[in-house]
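Data block below; observations after.
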Amino acid sequence: MSDKAEYEYCRLCGYVRRVGKGGVCPACGARERAFLPYEHKASEQRRMFLKLDVHPVSVHFTISYIAVIALLYIISIFSSELVGISIEGTRDLQIIFFPFLVIGGGITGIIDGKIRFRKLTTPYLQRKIILGSGLFVISVLIFFVHNLSTTDGLIGLLEGLLIFSAFGIASYLGWIGAEMICPIVPVGRPKE
Ligand SMILES: [Zn+2]
């Protein structure tokens, strides 16, 4: 933790900056005298990784992706094409990529959890790991059910059920993630 730079924080909004920048708080506009000395607890490299938000960015792709898959599933009930583009072809491609996006979300989640909380055994992280693994299984099931060469209505219904449960789980995972954004560990502290 050899971080020689001096920091100060805005006591109105919590914004942290290097000492010497001067001027009003760029986040909330408070006057310069609102700033007090601050000390980071984590190394610069660790803070830099967390600042990149690799996991939140990665899972936003996963959630928007399954949302589009769900939307296309509904459209496919009524039409086989949209503005001249085959719905089925689009769905085929999306369903192939989805499990890889889930894997990406899982890998970045484990790295993020390790760097942010130093362990993966907290109640929320354990729940995220279990649900994330379940989401991966469902994403693979969607692929297999989608590729069954059958026109059986029940199989179509099963595919829809899997797609919407994947959307539900992905959204819930996102919700837990948002809950965990507040305690961004490791934070620093005001300097005495
Ligand atoms: Zn401020």
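No value in this document is a laboratory result; all are computed from the given coordinates. Bear in mind that the values here come from a model prediction, so they are computed numbers and not experimental data. Note that each Cβ is placed from the backbone with ideal geometry, even for glycine, and that neighbours are counted across all protein chains shown.
Per residue Cα convex hull volume for segment 46-146, in cubic angstrom?
Per residue, the Cα convex hull of segment 46-146 comes to 98 Å³.
With the Cα gyration tensor of the chain in hand, convert its eigenvalues to equivalent ellipsoid semi-axes via √(5λ) and list them largest first in whole Å.
Semi-axes, largest first: 45, 18, 12 Å.
Provide the packing ranking of 79-88, 45-54, i.e. peptides ordered by the mean count of other C-beta atoms within 10 Å per residue, highest first.
Highest-to-lowest ranking by the protection proxy: 45-54, 79-88.
Once the piece of chain linking residue 36 and residue 151 is laid out straight, how much longer is it, given 0.36 nm per residue of separation minus the C-alpha distance between them?
Stretched fully, the residue 36-residue 151 segment lengthens by 34.7 nm.
Among 111, 66, 95, whose Cα sits farthest toward the positive end of the charge dipole of segment 23-113 (+1 at Cβ of Lys/Arg, -1 at Cβ of Asp/Glu, about the Cα centre)?
The one lying farthest along the dipole's positive direction is 111.
So how much slack lies between residue 74 and residue 12, counting 0.36 nm per residue of separation and subtracting their Cα-Cα distance, in nm?
Extra length available between residue 74 and residue 12 comes to 17.6 nm.
Check residue 7: other-chain or 5+ apart residues with amide H under 5 Å from its amide H, H built from backbone geometry?
It is 19, 38, by chain and number.
As a footprinting exposure proxy, order 78, 143 by other Cβ within 10 Å, with the fewest listed first.
Ordered from fewest to most neighbouring Cβ atoms within 10 Å, 78, 143 come out as 78, 143.
Which value in nm describes the separation of the simple spin-label points at residue 140 and residue 175, placed 7 Å from the Cα toward the beta carbon?
2.7
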